[in-house]
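The structure appears below as structure tokens.
The values are calculated or read from the model by the stated rules, or taken from the named source; none is laboratory data. The shown structure was predicted, so the numbers you read here are calculated from the model rather than taken from an experiment. Cβ placement follows ideal geometry from the backbone for every residue including glycine, while neighbour counts extend to all protein chains displayed. Just so you know, the surface numbers come from the protein's heavy atoms only, side chains and all, with ligands and any DNA or RNA stripped out. Shrake-Rupley method; radii C 1.70, N 1.55, O 1.52, S 1.80 Å.
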Amino acid sequence: MTDINLDDLTHLQAINKKLTSGYQISEQDTLMWQELDQHIDAYRALFNALGHDLQHDSRGFYYFGSDESTPNMGKISRAIALTIYILIEHYANTGKDPMRALFDEVNDLELMQTLVQINKHLFDQLEIFSGSDLRKDVYLRMVRLGLAREVENGFMLQAPIYRYIDALMEVNEETYLGEDE
């Protein structure tokens with residue numbers, strides 16, 4: 001059993017509040033990330049005792065694992081996954097390395113409008129009809145979940161986006177394997 005000295009966990013309240021809200025703490029959240037990194041065993045033990053499964057992804061972020069999903073979260077997750085998929089496709093079609101561009105490019109309102117226009121039939125299903133809708137309904141939610149951060153001219157994606165990329169790859173692999181059967 002891990003000994004937990006609560007005096008060492010100086011950012012416990014902030015970390016707990018973020019993680020329980022669904023936020024994913026990444027290296028850009030410097031103080032919380034460093035504290036989690038330094039005291040991972042104590043935090044895991046404490047959160048486990050509270051019924052949470054603290055996960056650390058080696059690509060630089062922490063989150064609570066969960067098998068539960070609400071219908072609303074499903075819609076949000078679908079919108080985020082669609083946006084990530086379309087961004088990857090967009091960057092590939094413009095000759096950029098999609099994985100590098102995902103994390104290096106600013107996602108501004110002009111790009112959002114282009115994505116919605118080119119993929120109107122897909123975004124219409126999610127009731128996203130403009131770049132402004134995409135900004136409000138997807139990007140601002142990504143900020144609240146720690147998937148992106150707002151910068152001067154738009155948004156920059158952060159490491160927790162890898163969870164969506166992994167899920168997209170898994171779906172793609174299942175689709176590919178299903179075709180072989």
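Could you tell me which residue of segment 134-171 is nearest to ALA81 (Cα to Cα), considering only residues that are acidic (Asp, Glu) and open to solvent by 80 Å² or more (accessible area, probe 1.4 Å)? First the steps, then the outcome.
Start the filter on segment 134-171 by keeping residues that are acidic (Asp, Glu), which leaves 137, 150, 152, 166, 170.
So of that shortlist, the ones also open to solvent by 80 Å² or more (accessible area, probe 1.4 Å) come out as 150, 152, 170.
On the way: GLU150: 19, GLU152: 24, GLU170: 12 Å.
Restricting to residues being acidic (Asp, Glu) and open to solvent by 80 Å² or more (accessible area, probe 1.4 Å), the top hit is GLU170.
Which residue is nearest to the chain's Cα centre (by Cα), if the candidates are limited to segment 100-116 and must be of a type in the set (A, V, I, L, M, F, W, C) and surrounded by fewer than 14 Cβ atoms within 10 Å (Cβ to Cβ)?
PHE103
Taking the conditions exactly as written (touching a residue at least 12 places away in the same chain (Cβ under 8 Å), open to solvent by 30 Å² or more (accessible area, probe 1.4 Å) and touching a strand residue (DSSP E or B) at 6+ places or on another chain (Cβ under 6 Å)), does HIS56 satisfy them or not?
Considered against the rule, which asks whether it is touching a residue at least 12 places away in the same chain (Cβ under 8 Å), open to solvent by 30 Å² or more (accessible area, probe 1.4 Å) and touching a strand residue (DSSP E or B) at 6+ places or on another chain (Cβ under 6 Å), HIS56 comes out as yes.
Hey, among TYR85, TYR43, TYR63, which residue is touching a residue at least 60 places away in the same chain (Cβ under 8 Å), crowded, with 19+ Cβ neighbours inside 10 Å, among the hydroxyl-bearing types (Ser, Thr, Tyr) and not in a loop (DSSP other than H, G, I, E, B)?
That would be TYR63, the only listed residue that is touching a residue at least 60 places away in the same chain (Cβ under 8 Å), crowded, with 19+ Cβ neighbours inside 10 Å, among the hydroxyl-bearing types (Ser, Thr, Tyr) and not in a loop (DSSP other than H, G, I, E, B).
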